[in-house]
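The structure appears right after this line, and notes come after that.
The values are calculated or read from the model by the stated rules, or taken from the named source; none is laboratory data. For clarity, every value in this text was computed on a predicted model and none was experimentally measured. Cβ coordinates were reconstructed from backbone atoms using ideal geometry, including for glycine residues, and neighbour counts include every protein chain displayed.
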Amino acid sequence: MGDLKSKRLIVLKGWLFLLVALLAAFGLLLQSPSWRTAMLLAVLVWSASRFYYFLFYVLEKYVDPSLRYAGVLAQLRARWGRRKP
């Protein structure tokens, strides 16, 4: 499968990711409606977003410019491959 080129489809994909995240959060809060669950969910979203930023911006811009990957799995495969003798 080739790269997504259409700007409209890329934007649609982003909105669909947001929709999925909101539905998952809503489902978790329905299952366990408490302030504690809401706060833990907020911390999870914040920390996962910061980690993603670290993986795809900080590492490339500040550590090694050759660290460009198509996604998290591609990066993990590359890291795993480098550690093998």
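Some points to look at:
- Members of segment 25-47 found to be closer than 30 Å to W80 by Cα and either touching a Gly at 6+ places or on another chain (Cβ under 9 Å) or surrounded by 11 or more Cβ atoms within 10 Å (Cβ to Cβ) (or both), listed by number: L41, L44, V45
- One residue stands out among those in segment 12-58 that are within 17 Å of G71 (Cα to Cα) and outside the structural domain of L76 (by TED's automatic domain parsing): the one that is farthest from the chain's Cα centre (by Cα), which is K13.
- Lone unmet requirement of (1) surrounded by fewer than 12 Cβ atoms within 10 Å (Cβ to Cβ); (2) within 23 Å of L73 (Cα to Cα); (3) of a type outside the set (G, A, S) for V58: (1)
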